[in-house]
Amino acid sequence: MASNLGLDVAFSVANASSTAAAEQVPLIAVTSTTEKRKSPPPDTPENIHTRSLVILSFWIVVISVGLPLWWITTAIYRAPLPLKEMQSWADGRACRAEFPLLIDVEAPSLPDPENLLKTVQHALDDANDFSAHHLRLRLSTNASRSSPEEEGEIVAATLRLTPGPAGSPHSYNLAPSSRVIDLFYSPSYSPSTGLSAFVAGTLREVFAEEQQMISYLLASSTPSPSPAPSCSTSNGNNGVGKVSTADITRKMSRIVRYSPTYHLTFSLFTATGLPSSWDVEHAISEYLQPLLDALGGISTFTVDSQIQFYASLSSSVVPTWAPGPEGDEGNGQWVLKKEDLSSFINSAEWPLVSITSYPTINFIIYIPSKEQSPLVISDSATNAFLLPQWGGVMVLNPNSGHSNEERTSHLSKEALKPALDLFAAQLLALLGAPTHPSSLPIRLDSLTRQRSAELLVSASSTLGSLYRLTLALPSISIPSSVSASVASTLSSLKNSCRELKNGRFGGEGGALEEGKNAAFQAERAFFEKSMVGQVYFPEEHKVAVYLPLMGPIGVPLILGAGKEIARLVRVWKAQRGGTMPGQL
Amino acid sequence: MRLPSPLRPAGSLLCLLSLAAAALAVGPGKHSSYAENLLLKTLPGNSVLASFRFVSNGTFDNHHSIFPRSLAQILHASRTKELHLKFTLGRWDASQWGSQIWDGRTAGGTGVELWAWVEASSDAEANARWTTLNNALSGLFCASLNFIDSTRTIRPVMSFQPDGHHSDDALARLHLLHGTLPREPVCTENLTPFLKLLPCKGKAGISSLLDGHKLFDAQWQSMSIDVTPVCEGEGEGEGETERCQLQMVQTVDMVLDVERSLRKKDSVIPKPPPIEHMACDPDKFYAGGDSCFPLDHVSDLPWSLSGMFGRPIRGSCPLARVPGVEPVHVCASVPDERPIFASAGGQERRQGDNLRCFVLEENQDFDIILPLQSPPLPLPLTAPPLHASRSFTGHGQEHGGVQAVLHNPSLDRAVDFVYLESLPWFMKPYLHTFSAALTDAPPTHPKIVQEIYYRPALDRRRGTQLEVRMRVPPNATAIVTYDFAKAVLRYTEYPPDANRGFDIAPAIISVLSRENDGSYRTTFSVRTTSLLLSLPTPDFSMPYNVIILTSTVMALAFGSIFNLLVRRLVGAHETGGLGLLGRVRERVAEVVARLGRRGKEKVL
């Protein structure tokens, strides 16, 4: 049997390291196994040396050529981003926004205006719980009034103190179209009558809503702000005309996101084929255009209008019939409940979408069919409602006044006036203008400041999102345009913050304009197309591509290296132990 | 078979209907007006052609009433001055039904076809606006129009002329772009937005008949939208711009099979009719008993509007008014001998031979009923100026050919036309193989090809555009052929169902008439059917197979070289070891030997 096996011509393959191991313990190997086994003859040291060099050179090629090649061909370009700075903006640490308002005081007939001013300023500063927004009084002289431009300071409002009729208490009056607050003090003025407290109260009242809104905006952006909105409610008793936090939240939630341009669509939806025309073009230019012009410093508007006939309400909206008082059928009306209003817009059928790239605000006049007239909204004096961040709706029942034929086929400019007046008010609410002071210029100024704050906050939070995105997705590529946009955003944010501190809110290079640019650039960086496209690169895909090559090549390389290292370790141990040093 | 006369009897009808449209165009200074009209026409073979036509006029400014705001916005944003959009399904059978309605101007090729005149100062700008237009229309009509990219866009030179009024300076800045999607399935989701553009929205007027289930059950159907600027009067007078209007003509044409529509009404499941209801051919030898060879067209079946469309017309649309003209809402082009019973809610007006029209009232349902007519009374048919068909020739995965047969049925007039092919880049025609010849022409006959405009394809960037102006003499048939090569696509360029083939857009044939100033104008359009081109398809798991195969080869080569270099080979006799194989053999031999011994013991 053994002779049979001896005829076999098979080679037993022993590798270098096992040979070395066999060489070191030849006697033990022979004695412990069967006597048929015989260790192969020892390899020459030159061979062992060459083999080490071969393995080493393979590894050198793999590491110096293979790996860099692989790295270069599969690397994702990531432009450097100022991550620290982005994070500090996102956390609200980079800029502490301030809104200093300058108030001119005219008191030609007051005996000691400086003293009064000091007391009022004190009272204002004491009562102010939100230090970023503060009022500064300045006694107006003729000189300062004549050259307000040179100083570069913008006056938020002018307080004119004039003596009122004898015997009357202090009172104030705010004209709807000017920034002048006319304050009539009692002629029996003495410091003890509390004129200073009244002046301070008046000013606080005028700017209370704006202050609250801005503090709400800034508070929502930073997790640990100094002026938490809850503070204002606790101090609410001393502030005149303060609104509850819930109210502010409600107001803020319906504001449309800021955009430099809005598209306004006026739609007439009628349940039948009548009226077939309306004089909306003239009505808009007469009743609404002045407001749009006034708002021009903040946003611009494009306007269009449409009539949609045979517009049906969605099936979920079913008005209920409510007979008139004493069951009088003639005075009865169809009533829309509050729950119906949320689904009033039949978005499946009403063509309200615009293709403009900027947001659209819709204003809708709905005319019910004859069978459903009059249609009223329960508990609504205006028969209208506002859809947060979307637009306004008014249900119009054309009834009184005109003859039947006239009424049904054409809506005149005059008939549209109440609707457009209402839409103007709704537009201001949607844009976020405070409702309180009756003066439009002051409200628009407030809106400018508020929008600046909003842009600051939104640009910062976009930067924060981009910051988190780049950290969360290491495989995403970042083109250099993103880094440029981020740089531009940061510089605009800095400028905006500086302009806020200087009190330059609107106008060329003002805080609003810088904020616009910041928000625009931040959005552009975040929504960079090439970044979105490369987010998805599944790991399984990589495995499927790499494994067939890397596996079969990597295994012998690693095993070879492992054995070589094991041999070196053994040789090194043997050298240290001093046994058989002559082997190498 | 009747011989077609060059003067079409239906011409009077078309004149009448276009008169209403023309009256609209030159209506009073009112901004917006609207008219709608339904034409019903009996066709041979128990088919009925229903042609809906809606004309809306609007202003160019931002205040819209009749003209839909959504479309006006798109036209404004893409600076499109004139737009033609067609959705078509099925094939118009010209040999049976005669000349196409509206001279074929409203119907497009199978799928979706779009062409527009876009105002731009350069080609690049025009392309950008064209993309904007396609994307916006795609959203508006729920169609894949956004897939009309540069490879599917051509710029025809001879086939199309603007229909609207454009001043000469404006014309110089207009770019004509044309795109087709032959594969697009036209369906209800395209009809719904189409109806939304109408002022009465399918709730009143003739549009209340339009229902996706019936419309897309038709043998042939086409929806089209044509937007053109229409100006009052010709020439450049002062205040001319004020009298210009934006006019949109929407049409829905369909050929309904009466038998099929009525059968569907009776039962949803198709069942063969009982034998006593069938008209059998008694001349067959097996006739009688339970055998029947059904006869075609023994009678004109009775039909009604509510039977065919599932509902009557819900009164007239109150907006469809043209001041000074009495509106005619429904017209039936039916032989005078055949009675028509109309329901209340409509007054009949007889308007010439074989044409009866009805004026509808508001808020009152209207229906017409045509009784059974036996023997059938066909209307005189009009032959189209040209019959066209196109097919593939050749075989194999590499080459192919196209053959188009163009027949002029007229006995006395030659026909001039432009044959336009818009081919995808992966179908590469060889222009030197292009030939156009009459089937039985004497060798002395002048060439029928008069002008060729050819723009070759660029791989993955644009398709081939081939326009050929031809003249076919009376009662002659021309055959156009050319060969092409099929390109091999990249792995990712194949659609999900690559083995189905690639749709090739229909050829567009525009019949021309010569104007006084020597220029040509399209008077009639014919589309051939689309073609299905099969390209060699690869095995789609190929990339991974290739990766694995090459990796294995490389790994094998690497492994053996590496092993040879780093392993030491020793002869078996030098070690004396048996190795694994030897040991296994030894053990097997031992077991065999033992078994053999036991066997011997048992025998013993």
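The values are calculated or read from the model by the stated rules, or taken from the named source; none is laboratory data. Note that this is a predicted model, so its numbers are computed, not measured. Here the Cβ positions follow ideal geometry from the backbone for every residue, glycine too, while neighbour counts run over all protein chains shown.
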With respect to A:G507, determine if the residue is touching a strand residue (DSSP E or B) at 6+ places or on another chain (Cβ under 9 Å) and on the phi > 0 side of the Ramachandran plot.
-> no
Consider A:E23 carefully, then state whether it is modelled with pLDDT of 50 or more, more than 11 Å from chain B (Cβ to nearest Cβ) and either closer than 30 Å to A:R504 by Cα or not in a strand (DSSP E or B) (or both).
-> no
Is one or more of the residues making up the stretch B:331-343 of a type in the set (G, A, S), in a loop (DSSP other than H, G, I, E, B) and surrounded by 14 or more Cβ atoms within 10 Å (Cβ to Cβ)?
-> yes
Identify all residues within the stretch B:38-76 that are at the interface with another protein chain (Cβ under 8 Å from one of its Cβ atoms) and either in a strand (DSSP E or B) or modelled with pLDDT of 90 or more (or both); write none if there are none.
-> B:H63, B:P68, B:R69, B:S70, B:Q73, B:I74
Flagged in the stretch A:348-367 as within 19 Å of A:L274 (Cβ to Cβ) and more than 12 Å from chain B (Cβ to nearest Cβ), in numbering order, are A:I364, A:I365, A:Y366, A:I367
Of those in the stretch B:63-82 that are closer than 20 Å to B:S144 by Cβ and β-branched (V, I, T), the residue surrounded by the most Cβ atoms within 10 Å (Cβ to Cβ) is B:T80
Please tell me if A:V280 is touching a residue at least 60 places away in the same chain (Cβ under 8 Å) and touching a strand residue (DSSP E or B) at 6+ places or on another chain (Cβ under 7 Å).
-> yes
Return the total of residues in the stretch A:289-305 being farther than 30 Å from A:Q372 by Cα and within 14 Å of chain B (Cβ to nearest Cβ).
-> 5
Residue selected from the stretch B:179-213 under the condition part of a loop (DSSP other than H, G, I, E, B) and among the acidic types (D, E), by the criterion modelled with the lowest pLDDT = B:D211
Does the stretch A:557-578 contain any residue that is modelled with pLDDT under 85 and part of a helix (DSSP H, G or I)?
-> yes
Say we look at the stretch A:466-480 and pick out the residues that are exposed (fewer than 15 other Cβ atoms within 10 Å of the Cβ) and modelled with pLDDT of 85 or more; which of these is nearest to A:P538 (Cα to Cα)?
-> A:A472
Inspect all residues belonging to the stretch A:62-73 and state whether any of them is loosely packed, with under 11 Cβ neighbours inside 10 Å, in a helix (DSSP H, G or I), in contact (Cβ under 8 Å) with a residue 40 or more places away in the chain and within 14 Å of chain B (Cβ to nearest Cβ).
-> no
Scanning the stretch B:83-98 residue by residue, those crowded, with 21+ Cβ neighbours inside 10 Å and not hydrophobic (A, V, I, L, M, F, W, C) turn out to be B:H84, B:K86, B:T88, B:G98
Residues of the stretch A:143-177 being within 35 Å of the chain's Cα centre (by Cα), modelled with pLDDT under 80 and of a type in the set (S, T, Y), which ones?
-> A:S177
Reported set for the stretch A:36-61 where residues are outside any helix (DSSP H, G or I) and more than 9 Å from chain B (Cβ to nearest Cβ) is A:P42, A:T44
State whether one or more residues within the stretch A:265-277 are surrounded by 20 or more Cβ atoms within 10 Å (Cβ to Cβ), within 14 Å of chain B (Cβ to nearest Cβ) and of a type in the set (F, W, Y).
-> yes
Please enumerate the residues belonging to the stretch B:421-470 that are hydroxyl-bearing (S, T, Y), closer than 21 Å to B:P536 by Cβ and assigned to a loop (DSSP other than H, G, I, E, B).
-> none
Please identify the pairs in which a residue from the stretch B:151-165 that is farther than 21 Å from B:C244 by Cβ has its Cβ atom under 8 Å from the Cβ atom of a residue that is among the acidic types (D, E) and modelled with pLDDT of 90 or more, counting only partners at least 6 apart or on another chain.
-> B:P156/B:E467; B:V157/B:E467; B:M158/B:E451; B:M158/B:E467; B:S159/B:E467
Which condition number in (1) at pLDDT 80 or above; (2) part of a loop (DSSP other than H, G, I, E, B); (3) of a type outside the set (S, T, N, Q) is the one that A:P223 fails?
-> (1)
So is A:E508 at pLDDT below 85 and either part of a helix (DSSP H, G or I) or surrounded by fewer than 24 Cβ atoms within 10 Å (Cβ to Cβ) (or both) or not?
-> yes
Taking into account only those residues within the stretch A:524-556 that are buried (at least 16 other Cβ atoms within 10 Å of the Cβ), in a helix (DSSP H, G or I) and away from chain B (no Cβ under 12 Å), which is modelled with the lowest pLDDT?
-> A:M531
Please identify the pairs in which a residue from the stretch B:526-549 that is more than 24 Å from B:K428 (Cβ to Cβ) has its Cβ atom under 7 Å from the Cβ atom of a residue that is of a type outside the set (D, E) and surrounded by fewer than 18 Cβ atoms within 10 Å (Cβ to Cβ), counting only partners at least 6 apart or on another chain.
-> B:P543/B:Y491; B:Y544/A:A544; B:I547/A:V545
Taking only the stretch A:37-77 into account, find how many residues are among the charged types (D, E, K, R) and at pLDDT below 85.
-> 3
Filtered residues of the stretch B:481-525 (kept if closer than 20 Å to B:H399 by Cβ, part of a loop (DSSP other than H, G, I, E, B) and free of Cβ contacts under 8 Å to residues at least 40 places away in the same chain) | B:G501
